Amino acid sequence: MALINCPLCKNAISDDSRYCPHCRYVLRSETPLESAYDSLVPLLKFGAFWALWGGVLVLAIKSNDWILWSFLAVLTAVAIPDLVKDLRGLIQKK
Ligand SMILES: [Zn+2]
């Protein structure tokens, strides 16, 4: 760790910080690991959601229980806007 001067406000800052604490100037963007993690999380959520959704669907068909059908409908209505947002974020990133 060394001290450098912020290119924007010229204050002394640590060279391993990502932002200048004085003016919020971005010194370094995300590391590759962080950006991989950011794209992985929506994918995992997407996969987990459809696995759950499929599981409930199979149960609902098997038992023909209206509670399961309602649960499936609510799950779909609640999760889809969120999933669409995540996917849109992923697509825009690339
Ligand atoms: Zn600064």
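Once the stretch 1-41 is narrowed to residues that are over 30 Å from LEU83 (Cβ atoms) and of a type in the set (S, T, N, Q), the residue that is modelled with the lowest pLDDT is SER17.
The set of residues in the stretch 1-19 being within 9 Å of the ligand (Cβ to nearest atom) and either over 25 Å from the mean Cα position of the chain (by Cα) or in the same structural domain as LEU90 (by TED's automatic domain parsing) (or both) consists of ASN5, CYS6, PRO7, LEU8, CYS9, LYS10, ASN11, ILE13. Cβ-Cβ distances below 6 Å connect the following pairs, each with a first residue in the stretch 1-14 that is part of a loop (DSSP other than H, G, I, E, B), a second residue that is near the ligand (Cβ under 7 Å from one of its atoms), and a separation of six or more residues or different chains: CYS6/ILE13; CYS6/CYS20; CYS6/TYR25; LEU8/CYS23; LEU8/TYR25; CYS9/HIS22; CYS9/CYS23; ASN11/HIS22. Kindly establish whether LYS45 is assigned to a helix (DSSP H, G or I), modelled with pLDDT under 90 and not aliphatic (A, V, I, L, M). So LYS45 fits the description; yes.
The values are calculated or read from the model by the stated rules, or taken from the named source; none is laboratory data. Everything numeric here is computed off the predicted structure, so don't read it as measured data. Here the Cβ is made from the backbone with ideal geometry for all residues, glycine too, and neighbour counts use every protein chain on show.
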